[in-house]
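Take a look at the structure set out below.
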Amino acid sequence: MNTFVYIFNLWILIFAVFVMSSYVILAIISAVALRKYKLQNRLINYNYILSYEHAPKISLIAPAYNEGMTIQENVSSLLAINYTKFEVIVVNDGSKDQTIETLIEAYDLVPSTKEYKMKIPTKDVKCIYKSTNPSFSKLLVVDKVNGGKADALNVGINISQNDYVVCIDVDCVMDKDSMLRLVKPFLDKEGKRVIATGGVVRIANNCVIQQGKLKSVEAPDRWLPRIQVVEYLRAFILGRMAWAKLDGLLLISGAFGMFDREIVIKAGGYNHNTVGEDMELVVRMRRYMVENKLPYTVSFIPDPLCWTEAPETRNIFMRQRSRWTRGTMETLWIHRKMMLNPKFRLLGLLSFPYWFIFEYLAPLIEFTGILITLIFIYFGFINWTYFLLLCLFVYTFSVCFSLCAILADEFSYQQYKTIKDARKLIWAAIVDPIVFHPLTVIAALKGNWQKIRGNTQWGDMTRVGFAKGQKK
């Protein structure tokens, strides 16, 4: 038994060191890439794209389901972006609230004669609306039979006639120059075709939103969204930036990403049979390019481009994270052919295994370790000195890593400018491993259980809504 306990303790230590080492390596790569990006782009006047003859035409596609509380404010934000060649396509996915009525009234909508050509199979479209107000000439609203977010996005892709599509959650608020920054990687392409670009998504809770525009940034007052701010900083600034530098990025946030429409259609559009359609599409597009031997890349920029409402209640948060787990499971299974397949190079030999071990398996391994530890405690097999030192080591690393993400944001974009906000985020980093992380583990377990039981539901994500001129 002593030998078994020793092996278990050693295995836990090795796994912890392995996880932490990978995080440190990614953070270093990200820091180098972030510094290079800032140096290369610090003097760029993005407004030149507005008058650039060959600036790409873009379609912003925003699926909406029961978004009546925020839909007018959000659509105003999309229409107010600083870009010239664009259209906004809002797809009402069979909402049961006042979403479509609010849109019709707010934007003077009438039925359009525009023909719907189904390049990607979707549920039926009821009506396509356009505005009689010249101020909203760039807006199209589609009312369709409910089919889920993937189906709604595919409807928008079918209707779009532009070369690039931007898929955005309708509850998001974009920075005014977001599109100028997001489109730049497509203009900078050298030899490789840029098939997708993502940017940093931020938490809007407690920020001031007026007329669809972000007026001021504040760290959330409530603990749950505040800790998610820190989580998002870790994920985007210290994670995805590094994977993009390695050209191994598997995920562009479903909240905000730009895609090459031609490749999206050739790859088959968004998958209706997964709740993780954003990750699955990126992986499938990359797989399509590799299997057809086409040079390509997936880009990521660290600019804070989009602000979204994070769950403020534990139930909504758990529902969201369990869905993320199910989506990860489905994507990994659908594209299991890529695992350790040298044909896909870094993607198959590093990115895919990393995602499988650290994004999917890690919560299961952690939960198993906790169960075994509890059994050891019950039978008196625990070396308390070793156990407490290990816990302190893991906790300290977790807090330090979060603080690094906060500092990286402070030295690069400095979105949170007051001492009060800094204090909030530091406390969030301290509390995160004790309170927030266990919730993510429980949500991952719940997601596994739901997948085993055959649960395919998206789940309602109730919004608090953006109050005009008020903190969100």
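The values are calculated or read from the model by the stated rules, or taken from the named source; none is laboratory data. The structure presented is a predicted model; accordingly, all values stated were derived computationally and were not measured. Heads up, the Cβs are rebuilt from the backbone with ideal geometry, glycines too, and the neighbour counts pull from every protein chain shown.
Observations, loosely collected:
- The condition of being touching a His at 6+ places or on another chain (Cβ under 9 Å) and more than 22 Å from residue 413 (Cα to Cα) holds for only one of 283, 264, that being 283.
- Selected residue (only one of 191, 198 is surrounded by fewer than 22 Cβ atoms within 10 Å (Cβ to Cβ) and not in a helix (DSSP H, G or I)): 191
- Filtered residues of the range 309-327 (kept if polar (S, T, N, Q), part of a helix (DSSP H, G or I) and touching a residue at least 60 places away in the same chain (Cβ under 8 Å)): 320, 322, 325
- Selection count where residues are without any contact (Cβ under 8 Å) to a residue 12 or more places away in the chain and in a helix (DSSP H, G or I), scope the range 397-419: 4
- Residue check for residue 91: crowded, with 18+ Cβ neighbours inside 10 Å, closer than 16 Å to residue 142 by Cβ and of a type outside the set (Lys, Arg): yes
- Selection within the range 209-238: residues that are among the basic types (Lys, Arg) and assigned to a strand (DSSP E or B). The member of this set that is surrounded by the most Cβ atoms within 10 Å (Cβ to Cβ) is 213.
- Of the numbered criteria (1) more than 28 Å from the chain's Cα centre (by Cα); (2) closer than 22 Å to residue 317 by Cβ; (3) among the hydroxyl-bearing types (Ser, Thr, Tyr), the one residue 386 fails is (2).
- Residue ID - surrounded by the most Cβ atoms within 10 Å (Cβ to Cβ), chosen from residues in the range 119-139 that are among the aliphatic types (A, V, I, L, M) and without any contact (Cβ under 8 Å) to a residue 60 or more places away in the chain: 128
- Among residues of the range 42-78, those that are more than 21 Å from residue 130 (Cα to Cα), charged (D, E, K, R) and buried (at least 19 other Cβ atoms within 10 Å of the Cβ), counted: 0
- The lone exception for residue 405 - which of (1) more than 25 Å from residue 298 (Cβ to Cβ); (2) within 20 Å of the chain's Cα centre (by Cα); (3) of a type in the set (Gly, Ala, Ser) it fails: (1)
- Scope the range 413-472; condition of a type in the set (Val, Ile, Thr), closer than 30 Å to residue 96 by Cβ and modelled with pLDDT under 95; matching residues: 452, 456, 462, 464
- In the condition set (1) farther than 20 Å from residue 271 by Cβ; (2) in contact with a Lys or Arg (Cβ under 7 Å, 6 or more places away or on another chain), residue 317 is compliant with all but (2).
- Residue match in the range 250-259 (condition: in contact (Cβ under 8 Å) with a residue 24 or more places away in the chain, crowded, with 21+ Cβ neighbours inside 10 Å, under 19 Å from the mean Cα position of the chain (by Cα) and in a helix (DSSP H, G or I)): no
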